[in-house]
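Trainee: One structure is given below, represented as structure tokens, and several questions about it will come after.
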Amino acid sequence: MPSSRARVIVMNSALGPLDYRVPHGIEAAPGSIVVAPLGPRQLLGVVWEADRLATEEVGDNRLRNLLGVVDAPPIPESLRRLIEWTADYYLAPLASVLRMALASTSALEGARTVTEYRASGTAPGRMTPQREQALERIGDRQGLIRELATTADVSDAVIRGLVKAGALEGIEVDIDHPYPRPDPNHAPPELSDIQSDVASILRQSVGAAQFQPFLLDGVTGSGKTEVYFEAVAAAIRAGRQTLVLLPEIALTEPFLKRFHARFGCEPVAWHSGLRQSQRRRAWRAIASGEALVTVGARSALFLPYPNLGLIVVDEAHETSFKQEDGVHYHARDVAVMRGKFEECPVVLATATPAIETRHQVELGRYEELKLPARFGEAQMPSIAAIDLLAQPPERGRWIAPPLVTAIDATLERGEQALLFLNRRGYAPLTLCRHCGHRFQCPNCTAWMVEHRLISRLACHHCGHMIPSPRACPECGEEESLVACGPGVERIADEVALLWPQARTAIVTSDTIWSPAKAAEFVGRMEAGEIDIVVGTQLVTKGYHFPNLTLVGVVDADLGLAGGDLRAAERTFQQIMQVSGRAGRGDKPGHVYLQTTAPDASVMQALISGDAEGFYAAETEARRDAAAPPFGRYAAIVVSSEDKAAADDTARALARCVPDIDAMHVYGPAPAPLAMLRGRHRFRLLVHARRALDVQDVIRDWLNRVEWPARVRVIVDVDPYNF
Ligand code: ADP
Ligand code: ZN
């Protein structure tokens, strides 16, 4: 029998493809997940290519034998091509991209059940401080020993001790348990004429099973979800899989509810909050093709769906689709590429398409489908500016008199109001009035944000926390510390002062940190148990509260500072989005923007509703500057705990910048976050013409420079924050 050879991508980002011999008795076709020896270790990998060994190679004993094939569905060809494309385009190691497809190596273990543990309600015979802490933190959670130990921040041994003592009980969890099948005919809506036209185009496209990107461009409340659900129904009828990408886990819960109402059961959810057993069950169901509809955060994009017939990217303009660590990719763009490799339609649904997406429509690559009006009787809200310079709030307050009046009126009518400020915590900066000391994170170039609800200062970049200080650590002065600027907690304090009778909820990732919390918030809103919501961007999307009629944007200028390329566009999108929460039922909605620049073009566009004019002007400005989508940027970030080493490497790179007309390199300069998690960061910014194969140029360039192991060089193609 002839022997064969397999070229394998092993799960080690530092290594390229490796060749192995496939011993007799092992079936290792391309896509197979295998166990490969590497030095003394065993690594998982995926067979990328396989061929017969030529006769003279059969005796070649330099090739090591593969150790085995994992009993799991193979990585499909279309996904392998996507992984190659992603690694190539974003200049990332193949193994790093592949890791996202395998997602959880535990999913590959053979067992059909696992044992999870949860509190039994019996106290352990002997209570220790650690056991007490563990039981308190575990609460009503359930999970593997390792997971509970992590949750409780204790060692595995403490958890095992609690199991032995009877305080935790074991539960067999069936990870092969099948998912229910969504019923496309469960509760179809009666679509309006225009919705129906759009839905039938999407249905046809699903039936045609060809690559076709769509921009589903409809104002908030126009029924985009209802309409793309019709495409999902078509895919289910055809027995094909659908992937719906959402920008945030927080949106999963309302989505699951809506999906359930339409299709009679929940889809498979995929996000970072899953327990290992849930992850394993979901991965298996997805990879086998059993899971017909998957909803997830961007990490769901690389899973091995064998039979994908439709991809939907909801709120497609959201910047959280851009992954900022590990492989720096944009899930919206990769979703379109996945559609291309899978030969299926891709629907980008949004009320405020990104300029890049609109440009694709102009080029004729994406088909635009429009839903120009809200469904039913609901009208778009009115939007007005409050000039903070002309009508400032009282000293030390943030809500200006016209907004106070508007909230008064809203509460009198028994309706709900939302105050939006995209800043968590109480105050973004604490300083000492006596000596001027400012509390900065020791690991990052960032101020420590006060979180008064938990009496801590926290860094929003690395998570570093300290107890709220009572005295200045610099000069020792007590009662000299002042909180500067507002976060949502501070606005909530002001609300309590102004409307002591009103029932208030703060909605941020600090208060809504689980699907259950989100469900609880929705329940209280719907039951009319909340009058005023104070929230960050977490409340701007997905929710539908008919009795919410007023939105106050506390600081409309917040996103404009900093001069970022997309600052105006992002402000426009965010304010349109939060405005979209007002007046979704039969009562009219009103939006107030507190701003110091009511004449700025973005404010004027929002007030007049002239989105087209705004986009046209922004697009022209981008064209003039050869900025995306007309030109291309790539950031090269050099970082190290050793500042001099990072600096040296950045300079070395700058010395060998390729001399190419179509490209210009700026820097090195300190990166926007000059220090992050203890690493000093320098950045070179590449600006290139569209036609240039910038990836190729950068790859060559980086290959010509060497740097010490303690320095990390990361390329961010199409970067967002600069
Ligand atoms: P979008 O996703 O564009 O914001 P949604 O799909 O959330 O819009 O629709 C807004 C609201 O209108 C939702 O409560 C939805 O259930 C309702 N709606 C939209 N279209 C219909 C329809 N054809 N029949 C019944 N309700 C609809
Ligand atoms: Zn930090």
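The values are calculated or read from the model by the stated rules, or taken from the named source; none is laboratory data. What you are looking at is a predicted structure, and each value in this text was computed from that prediction instead of being measured. For neighbour counting, all protein chains shown are included, and Cβ atoms are generated from backbone atoms with ideal geometry for every residue, glycine included.
Trainee: Considering segment 204-259 alone, what residues qualify as being among the aliphatic types (A, V, I, L, M), under 19 Å from the mean Cα position of the chain (by Cα) and either assigned to a loop (DSSP other than H, G, I, E, B) or within 13 Å of ligand 1 (Cβ to nearest atom) (or both)?
Mentor: Step one: filter segment 204-259 for residues among the aliphatic types (A, V, I, L, M), giving 206, 208-209, 215-216, 219, 227, 231-236, 238, 243-246, 249-251, 256.
With the extra rule that they be under 19 Å from the mean Cα position of the chain (by Cα), the set shrinks to 243-246, 249-251, 256.
Val244, Leu246, Leu251, listed by residue number.
Trainee: For segment 338-414, which strands (runs of 3 or more DSSP E) that fit wholly inside it have 3 or more residues that are away from ligand 1 (no atom under 16 Å from the Cβ) and crowded, with 21+ Cβ neighbours inside 10 Å?
Mentor: By residue number, 382-387.
Trainee: Here is a further query. Given (1) part of a helix (DSSP H, G or I); (2) modelled with pLDDT of 95 or more, where does Ser320 come up short, assuming only one miss?
Mentor: (2)
Trainee: Just checking, how many residues over segment 278-297 are part of a helix (DSSP H, G or I) and either buried (at least 23 other Cβ atoms within 10 Å of the Cβ) or touching a Ser or Thr at 6+ places or on another chain (Cβ under 8 Å) (or both)?
Mentor: The number of residues fulfilling the criteria is 7.
Trainee: Keeping to segment 415-456, report how many residues are assigned to a strand (DSSP E or B) and away from ligand 2 (no atom under 11 Å from the Cβ).
Mentor: Summing the residues that are assigned to a strand (DSSP E or B) and away from ligand 2 (no atom under 11 Å from the Cβ) in segment 415-456 gives 14.
Trainee: With respect to Ala390, determine if the residue is farther than 30 Å from Lys340 by Cβ, in contact (Cβ under 8 Å) with a residue 12 or more places away in the chain and among the small types (Gly, Ala, Ser).
Mentor: It is false that Ala390 is farther than 30 Å from Lys340 by Cβ, in contact (Cβ under 8 Å) with a residue 12 or more places away in the chain and among the small types (Gly, Ala, Ser).
Trainee: Within segment 315-350, restricting attention to residues that are among the charged types (D, E, K, R) and over 12 Å from the mean Cα position of the chain (by Cα), which residue is nearest to ligand 2 (Cβ to nearest atom)?
Mentor: So, considering only residues that are among the charged types (D, E, K, R) and over 12 Å from the mean Cα position of the chain (by Cα), the one nearest to ligand 2 (Cβ to nearest atom) is Asp333.
Trainee: Condition first: outside any helix (DSSP H, G or I), over 19 Å from Gly273 (Cβ atoms) and in contact with a helix residue (DSSP H, G or I) (Cβ under 6 Å, 6 or more places away or on another chain). Now tell me which residues in segment 125-154 satisfy that.
Mentor: Passing the criteria: only Val154.
Trainee: Just to be sure before I move on: is Ser272 closer than 30 Å to Gly523 by Cα and surrounded by 16 or more Cβ atoms within 10 Å (Cβ to Cβ) in the structure I sent? Reasoning before the result, please.
Mentor: On the way: closer than 30 Å to Gly523 by Cα: yes; surrounded by 16 or more Cβ atoms within 10 Å (Cβ to Cβ): no.
Against the criterion (closer than 30 Å to Gly523 by Cα and surrounded by 16 or more Cβ atoms within 10 Å (Cβ to Cβ)), Ser272 does not qualify.
Trainee: Still on this structure, please answer the following. Which one of the conditions (1) at pLDDT below 90; (2) more than 26 Å from Lys517 (Cα to Cα) does Leu94 fail to meet, given that it meets all the rest?
Mentor: Here Leu94 meets the rest and fails (1).
Trainee: Right, next: Which one of the conditions (1) out of contact with any Leu (no Cβ under 7 Å at 6 or more places or on another chain); (2) at pLDDT 85 or above; (3) closer than 30 Å to Val232 by Cα does Gly166 fail to meet, given that it meets all the rest?
Mentor: For Gly166, the failing item is (3).
Trainee: Any chance segment 291-313 includes a residue that's charged (D, E, K, R) and modelled with pLDDT of 95 or more?
Mentor: Within segment 291-313, none of the residues are charged (D, E, K, R) and modelled with pLDDT of 95 or more.
Trainee: If you check every pair at least six apart or on different chains, which have Cβ atoms under 9 Å apart with a residue in segment 296-313 that is touching a residue at least 12 places away in the same chain (Cβ under 8 Å) first and a residue that is aromatic (Phe, Trp, Tyr) and in a strand (DSSP E or B) second?
Mentor: Between residues of segment 296-313 that are touching a residue at least 12 places away in the same chain (Cβ under 8 Å) and residues that are aromatic (Phe, Trp, Tyr) and in a strand (DSSP E or B), the close pairs are Gly296/Trp270; Ala297/Trp270; Ser299/Trp270; Ala300/Trp270; Leu303/Trp270.
Trainee: Also: Kindly indicate whether His177 is in a loop (DSSP other than H, G, I, E, B) and modelled with pLDDT under 85.
Mentor: When the stated conditions are applied, His177 passes them.
Trainee: Now, a different point. List, please: which pairs have Cβ atoms under 8 Å, are six or more places apart or on different chains, and start with a residue in segment 659-684 that is touching a residue at least 40 places away in the same chain (Cβ under 8 Å) and closer than 14 Å to His461 by Cα and end with one that is basic (Lys, Arg) and surrounded by 22 or more Cβ atoms within 10 Å (Cβ to Cβ)?
Mentor: Cβ pairs passing all conditions: Pro672/Arg683; Leu673/Arg681; Ala674/Arg681; Met675/Arg681.
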